[in-house]
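Enquirer: I have a structure I would like to understand better, so I am pasting it below and will then ask my questions one at a time.
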Amino acid sequence: MTTDGTRGVIVTGGGTGIGRAVARAFAALGDGVLVVGRTPETLAETARGHATVRTLATDITAPDAPGRITDAALAAFGRLDVLVNNAATGAAGALAGTEPEAVRAQFETNLLAPLFLTHRALDALAADGGGTVVNITSSGSLGRRAWPHNGVYGAAKAALDFLTRTWAVELAPRGIRVTGLAPGVVDTGIGERVGMTREDYAAFLKGIAERVPAGRVGRPEDIAWWVVRLADPGARYATGTVVAVDGGLSLT
């Protein structure tokens, strides 16, 4: 943290949904935020009206992406205090209909990309007393739950939860905390972006809301609130934990 209290933050998958809300929540605190994603137009929309937000359009699965992202954050802010591994991709399907390319894409984006980016960012995160990593996973893959037709996505997220716990122990001597946040169903508009009609997506959300003890699906801002709190210096005694924020859905 700088003398004026600002931090350098990276948020992957920052062009829409949860990533956009997280980036704006950090920016509202005055932090410098680098939002990373594939599409310049959506990144620009995230940054609009937020003077401390910078954008980087890149494919996080590219071999040079970890270096490019880390270097861009350091060039913009001179430091790196928080890394939010949020970018993800999914493709529903049962084992019998598995498409090898879809499997590879999910593991590359949801597991390997955050692993390699965190690895590349370690020295920067360890500087100035240590930083925080927040891995965004999913409440659908917690505990002993099954998730039919989402096995690959859930497996990648469960693996990231395991890395969260392991990294927390490994990196504690360097002053780096590692936490996880496991959202439930959040209305990010993703249904329509992957081809659902507006009516079908609305019906899906309505059906989920009827199952959630809290009585509604999540909003991106619900998740952003928790990410900011997990990264707050006041949360420095919390590491290795994965917090479910799903309105109680994973309890049913």
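Enquirer: Which residue, 97, 240, 218, tops the fluctuation ranking in a GNM of the chain built on C-alpha contacts under 10 Å?
Expert: 97
Enquirer: If you don't mind, another one. What's the angle, to the nearest 10 degrees (0 to 90), between helix 198-211's Cα axis and the longest principal axis of the chain?
Expert: That helix lies at roughly 90 degrees to the long axis.
Enquirer: In addition: For the chain, with a Gaussian network of springs between Cα atoms less than 10 Å apart, report the residue from 200, 187, 31 with the top mean-square fluctuation.
Expert: Of 200, 187, 31, the Gaussian network model singles out 200 as fluctuating most.
Enquirer: Given the -39500 (n - 2.57) contribution per DSSP H run of 4+ residues, what per-residue ellipticity at 222 nm results for the chain, rounded to the nearest 500 deg cm²/dmol?
Expert: It comes out at -13000 deg cm²/dmol, rounded to the nearest 500.
Enquirer: Working only with C-alpha atoms, what are the Rg and Dmax values of segment 120-252, expressed in angstrom?
Expert: 16.5, 51
Enquirer: Also, I was wondering about something else. Pop a pseudo-label 7 angstrom from the Cα along the beta-carbon direction at both residue 232 and residue 92 and give the gap in nm to one decimal.
Expert: Simple spin-label model gives 3.6 nm for this pair.
Enquirer: Amide H neighbours of residue 55 under 5 Å, counting only residues 5+ apart in sequence or on other chains, H built in-plane at 1.01 Å?
Expert: Result for residue 55 returns 35.
Enquirer: Once the Cα atoms of segment 8-247 are picked out, what are the Rg and Dmax in Å?
Expert: For segment 8-247, the Cα radius of gyration and maximum Cα-Cα distance read 17.1, 51 Å.
Enquirer: Now a separate question. With equal scatterers on the alpha carbons only and no solvent term, can you work out the Debye log10 of I(q)/I(0) for segment 1-127 at 0.10, 0.19, 0.20, 0.21 1/Å?
Expert: -0.31, -0.98, -1.06, -1.15
Enquirer: With just the Cα atoms of segment 52-187, tell me how far they stretch along each of the three principal axes, in Å, largest first.
Expert: Principal-axis extents of segment 52-187 (Cα, largest first): 48, 30, 27 Å.
Enquirer: Still on this structure, I have one more. Please build a GNM for the chain, connecting alpha carbons under 10 Å apart, and tell me which residue among 95, 122, 80 fluctuates the most.
Expert: 95
Only the coordinates and a few stated rules stand behind these numbers; no lab work does. None of the values given here were measured: they were computed from a predicted structure. All Cβ positions, glycine included, derive from the backbone under ideal geometry; neighbour counts span all protein chains shown.
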